[in-house]
Amino acid sequence: MLRWLWLSVAVVVVDQVTKWLAVSTLFAKAPVTVIPGFFDLTLVYNTGAAFGFLRNAGGWQNTFFIAVAAIVSVLLISMLRRLGPREIQSAVAFALILGGAVGNVIDRVYQGYVVDFVHWYYRDWHWPAFNIADSAITIGAVLLVLDVLGIRLLRTGTT
């Protein structure tokens, strides 16, 4: 199932291009409203993990997250290799998570933080800013949970 690595590469490319566009167009500017009252493009430099967890930890967290992403990436590739040809949903899930992890680790290695720019909100409720890599990781995780629960959204043409 290593043939699904193309999806990981696609996630990394789209993630890095959109982050570059966000930094190029949003740097030192106010948020750009896409859907008034719900959705902005807002540049955020996240030194922490999901939802800014550990963002004020003093710097050690960047090395920690790089190491975790490297270990997880090796495990995901190993797991992809072991999948059978009919385990499409797991393969897509692993590939999405791998691409997201690599996309964010590229930021951490080269910049020391992750670029986030997608910001959903409603009135006083704000979802933390995120990026394409985060979205891929989330979609991959949801696909894995559904797979464990026996809910197969992605299958081969044969039963």
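Derivation of every value follows stated rules applied to the coordinates shown; laboratory data play no part. Every value quoted in this text rests on a predicted model; they were computed, and no experiment measured them. FYI the Cβ positions are ideal-geometry reconstructions off the backbone, even for glycines, and counts take in every protein chain you see.
The table that follows gives values for the structure above.
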quantity	calculated
The chain: relative contact order in percent, alpha carbon pairs under 8 Å with at least 6 residues between	32
Cα-based radius of gyration of the chain once divided by 2.2 N^0.38 Å, which approximates compact folds	1.12
Highest average packing first - 121-133, 100-112, 22-34, 72-84, Cβ atoms within 10 Å	100-112, 121-133, 72-84, 22-34
Estimated distance in nm for a label pair at Leu83 and Val17, the labels positioned 7 Å out from Cα along Cα-to-Cβ	2.3
Whole-Hz ³J(HN,Hα) from phi, Karplus 6.51 cos²θ - 1.76 cosθ + 1.60, for region 132-137, glycine and proline x	5, 4, 4, 5, 4, 4
Three-way shape call for region 100-146 based on the alpha-carbon gyration tensor, with the a/c threshold at 1.5	oblate
Helical mean residue ellipticity (222 nm; -39500 (n - 2.57) per DSSP H run of 4+; nearest 500) of the chain	-19000 deg cm²/dmol
